[in-house]
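J.: Quick one: structure below, then a few questions.
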Amino acid sequence: MTKSTLAISREFSRFAKQYSRYNIVQTKLASLLAQRLPQKKYHKIADIGCGSGAIYEALKNDNIVFDSFYALDISPEMLKLHPDSTTVHKGIFDFNDMSCFLDPVLKDCDIILSSSSLQWCEDLDSTLRAIANLHKSFYATLFTSGTFRSLHAIAQIQSPIYSQQEVIERFRNYFEITFEVLEHKLYFENNEDLFRYIKRSGVSGGQNLLSVTQMRQLLREYRLDYLEFEAVVIVANPLV
């Protein structure tokens, strides 16, 4: 596990118990992803970066059934929060470690899903190549660099995640894709709640781009009562 991967794992594990209260946008993306699935019945489904179970719950809400659901995540604490069931099989999984994709379980799945996680890939090309080598349909949502656009502009920092264009280009290297770009604003009553959301929602991914002093200054200067989010919903099929 690399240094940045370890930071992300620790961040998600640290706030795991509070995550479900703060993952409003992630839940919406998981629901949109479930709506893209073409069938209502599957044998085996894998969820890479499953978190506390947003995709699992979205599939249930859309009456999509399956014989086996493989919930895979780097954070043990998140896996503890994921719903349990006779159909659910949990496992530690690091999408930055290409050996994880050699697990025969993935090759036996009907489809691969991932929502609100792959934006933290250290090398998105390598991860997507590994997924494409499974020769499965892949359904994914990723936050892109337009997320927290105004906040980053005021702080004069660059987004730590991939741009919309970078994500699309990398997917097209390995898949035939259709995609939709989504923008969303989440409103807050005060800046304290806004910054608390950033810290505990998992959207920051453990990336501490500002010092404590800079964060306090930004807390005073940020005049908007909302955060912007930008994401892509992608349906990807392996290139023939």
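The values are calculated or read from the model by the stated rules, or taken from the named source; none is laboratory data. All values reported here derive from a predicted model rather than from experimental measurement. A quick note on method: Cβ atoms are made from the backbone with ideal geometry, for glycine too, and the neighbour counts reach across all protein chains shown. Side chains are part of the model used for accessible areas, which takes the heavy atoms of the whole protein and leaves out ligands, DNA and RNA. Shrake-Rupley method; radii C 1.70, N 1.55, O 1.52, S 1.80 Å.
J.: Can you confirm whether F138 is outside any helix (DSSP H, G or I) and open to solvent by less than 10 Å² (accessible area, probe 1.4 Å)?
T.: yes
J.: I would also like to ask the following. Select from region 100-152 the residues that are of a type in the set (A, V, I, L, M, F, W, C) and within 30 Å of R196 (Cβ to Cβ) and list them in ascending order.
T.: L113, L118, W120, C121, L124, A140, L142, F143, F148, L151
J.: Can you tell me how many residues in region 216-240 are under 20 Å from E192 (Cβ atoms) and in contact with a strand residue (DSSP E or B) (Cβ under 8 Å, 6 or more places away or on another chain)?
T.: Qualifying residue count, region 216-240: 5.
J.: Could you tell me which numbered condition I157 fails, if it satisfies all but one of (1) in contact with a helix residue (DSSP H, G or I) (Cβ under 8 Å, 6 or more places away or on another chain); (2) modelled with pLDDT under 95; (3) assigned to a loop (DSSP other than H, G, I, E, B); (4) of a type in the set (A, V, I, L, M, F, W, C)?
T.: For I157, the failing item is (1).
J.: Where the second residue is assigned to a helix (DSSP H, G or I) and among the aromatic types (F, W, Y) and the first is more than 17 Å from L118 (Cβ to Cβ) and in contact (Cβ under 8 Å) with a residue 40 or more places away in the chain and lies in region 77-106, which pairs have Cβ atoms under 8 Å and are six or more apart or on separate chains?
T.: Listed pairs, sorted by first residue: E77/F12; L81/Y19.
J.: Something else: Among the residues of region 110-122, is there at least one that is outside any strand (DSSP E or B), in contact with an Asp or Glu (Cβ under 8 Å, 6 or more places away or on another chain) and surrounded by fewer than 21 Cβ atoms within 10 Å (Cβ to Cβ)?
T.: Looking through region 110-122, none of the residues is outside any strand (DSSP E or B), in contact with an Asp or Glu (Cβ under 8 Å, 6 or more places away or on another chain) and surrounded by fewer than 21 Cβ atoms within 10 Å (Cβ to Cβ).
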